[in-house]
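Report on the following structure.
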Amino acid sequence: MELNEIKAIVKEKLSEKRFYHCECVMNRCIELAKKFGYNTDIAAKVGIAHDIAKEMPSDSKLKYVEENNILIDEIERENPTLLHAKIGADIAIKKLEFSEEMGQAIRAHTTGIPNMSLLDKILFIADRTSIERGFQDIEYLNSLLDKSIDEAVIYIIDKKIMLQIEKRAAMHTDSIIARNYLLKNRGKI
Ligand SMILES: [Fe+2]
Ligand SMILES: [Fe+2]
C-alpha cells in the first residue's frame, strides 16, 4: 500500500493532535533512516501508522486482543493503553499490507524488545524525539546518535525508567530486557 493511502486511513482513526504526532514521527523516521542508511519509504510508513490503535477505547482493545488471539501479559491487562502497540501491529499487517518486520517495529515501539532491528530502533527513537515532543535533551541525544544508535536507545529507556520511578508506576519488563540486551551487545549489532 502506498504511503498516501496509509496516511488517509490513519487520519480517519485519530484526533487531529495525535495525527500530527504521527506525521512528526514519520518525518523523524525519515531523518533517522537517511542517517543510518535504511529504506526511507518503509520507515515513513511505520512512523505514520505506529499509533493507529492508540485511541481505541480500553474495552475495545481488550476485545480486539481476545478476538485476534493476541497474547497479553499482566501489565498490559492492567494498563490496556500499552496494547496499542500490539494491536497497531496486527492492524497494520492485516489492513495496511505491512510486512512482519514493519509490524514488529510497531509492536516494539512502546516498550522495546530484546534484539531490536534497525527499524525497531528508528521508530523507538523517533516516537520520543519527534519535533513536537520538545524532547528535553535533544542535543545530547543527537550527539549520542552520531556515535551509535544503541546508545541513543539506552538513553531513552533510562529516561523512561526514571520517569516511571518518579511516578511510582509499573515498568514493563520488556523495557528492562531490551536495555540489558543492548548493554550487553552494544556496538556488536
Ligand atoms: Fe505509541
Ligand atoms: Fe507515538
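The values are calculated or read from the model by the stated rules, or taken from the named source; none is laboratory data. Quantities reported herein were computed from a predicted structural model and do not represent experimental measurements. Methodologically, a virtual Cβ is constructed for each residue, glycine included, from the backbone with ideal geometry; neighbour enumeration extends over all protein chains shown. Just so you know, the surface numbers come from the protein's heavy atoms only, side chains and all, with ligands and any DNA or RNA stripped out. Shrake-Rupley method; radii C 1.70, N 1.55, O 1.52, S 1.80 Å.
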Task: Hits in the range 73-92 (condition: among the charged types (D, E, K, R) and away from ligand 2 (no atom under 16 Å from the Cβ)) - done: ASP73, GLU74, GLU76, ARG77, GLU78, ASP90
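Matching residues to (1) basic (Lys, Arg); (2) open to solvent by 20 Å² or more (accessible area, probe 1.4 Å); (3) within 16 Å of ligand 1 (Cβ to nearest atom):
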site: SER58; (1), (2), (3): no, yes, yes
site: GLU76; (1), (2), (3): no, no, yes
site: ASP90; (1), (2), (3): no, yes, yes
site: LYS95; (1), (2), (3): yes, yes, no
site: PHE98; (1), (2), (3): no, no, yes
- [ ] Output the number of residues of the range 135-154 satisfying the condition of being farther than 22 Å from SER117 by Cα and either open to solvent by less than 60 Å² (accessible area, probe 1.4 Å) or among the aliphatic types (A, V, I, L, M) (or both).
- [x] 3
Task: Residue under evaluation LEU32, criteria (1) of a type outside the set (Lys, Arg); (2) open to solvent by 60 Å² or more (accessible area, probe 1.4 Å); (3) away from ligand 1 (no atom under 13 Å from the Cβ), criterion not met - done: (2)
Open item on the list: Can you report the number of residues in the range 108-134 which are farther than 22 Å from LEU183 by Cβ, open to solvent by 10 Å² or more (accessible area, probe 1.4 Å) and either within 15 Å of ligand 1 (Cβ to nearest atom) or of a type in the set (A, V, I, L, M) (or both)?
Closed with: 3
TODO: Hey, can you tell me all the residues within the range 104-118 that are over 10 Å from the mean Cα position of the chain (by Cα) and on the phi < 0 side of the Ramachandran plot?
DONE: ILE113, PRO114, MET116, SER117, LEU118
Open item on the list: For the structure I just gave you, tell me whether VAL10 is closer than 25 Å to GLU76 by Cβ, of a type in the set (A, V, I, L, M, F, W, C) and in contact (Cβ under 8 Å) with a residue 60 or more places away in the chain.
Closed with: no
Open item on the list: I'm trying to understand the selection: among the residues of the range 161-175, which are open to solvent by less than 70 Å² (accessible area, probe 1.4 Å) and farther than 17 Å from THR81 by Cβ?
Closed with: ILE161
Task: Meets criteria (farther than 27 Å from ASP41 by Cβ, free of Cβ contacts under 8 Å to residues at least 60 places away in the same chain and either within 16 Å of ligand 1 (Cβ to nearest atom) or open to solvent by less than 50 Å² (accessible area, probe 1.4 Å) (or both)) for LEU83 - done: yes
- [ ] Check every one of the helices (runs of 4 or more DSSP H) wholly within the range 73-180 and list those with 1 or more residues that are more than 19 Å from LEU32 (Cβ to Cβ) and of a type outside the set (Lys, Arg).
- [x] 74-78, 84-95, 100-107, 149-166
Open item on the list: Suppose we keep only residues that are farther than 17 Å from ALA105 by Cα and among the acidic types (Asp, Glu) within the range 19-66. Which one would you say is modelled with the lowest pLDDT?
Closed with: ASP59
TODO: Could you please let me know if SER15 is modelled with pLDDT of 95 or more, more than 20 Å from PHE124 (Cβ to Cβ) and of a type in the set (Ser, Thr, Tyr)?
DONE: yes
